Every structure is written in C-alpha cells, then in structure tokens.
Amino acid sequence: MKIQELRQLTQKKLREELSTAVRSLAATRFHVKTGQNQNIAHIKKLKKTVARVKTLLGEQPRKETNPIQVK
C-alpha cells in the first residue's frame, strides 16, 4: 500500500494491516526457501509495507503527546 492510503486508516486498521503483512511476509519467505515461489521481489515490497505501517503507528502517539507549534 502507498503511504497516502495508509495515513487514512485508523490505528486499529493499521494494526490489522501490520499483522496481515507480517504473516504474508513469513509465508512468502517460506515459499521462496522451499522453491514453491520464485518471486523474491514480493519480499521487498512486503518489508517496505511493514516498515511504513510501523512508522505510522509510531508517529501517531508522538503527535498527540508532544505537539510542536510552528510560528
């Protein structure tokens, strides 16, 4: 998913997306190792999705607890 799409999701939906992406990443790695799947580029995409979601989950509490006012 793109970052713009992820920013529109609620925290609950982001956690669900993270869970889904992590499970899919593990399954894809397993399939590549066993030779069932040759598409290793999909692993890279899933890793980026996981990183994006984790970043957004980390950003949201910081925005609420430490508001910075720009003048």
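Is the C-alpha gyration tensor of region 3-65 telling us rounded, prolate or oblate? Criteria: a/c under 1.5 is rounded; beyond that, a/b larger than b/c is prolate, otherwise oblate. It comes out prolate by the Cα gyration axes. In the structure displayed, which of Lys2/Lys47; Lys2/Lys54; Lys12/Lys47; Lys13/Lys33 lie more than 22 Å apart, Cα to Cα? Flagged as over cut-off: Lys13/Lys33.
Values in this text are rule-based calculations from the coordinates and carry no lab data. The shown structure was predicted, so the numbers you read here are calculated from the model rather than taken from an experiment.
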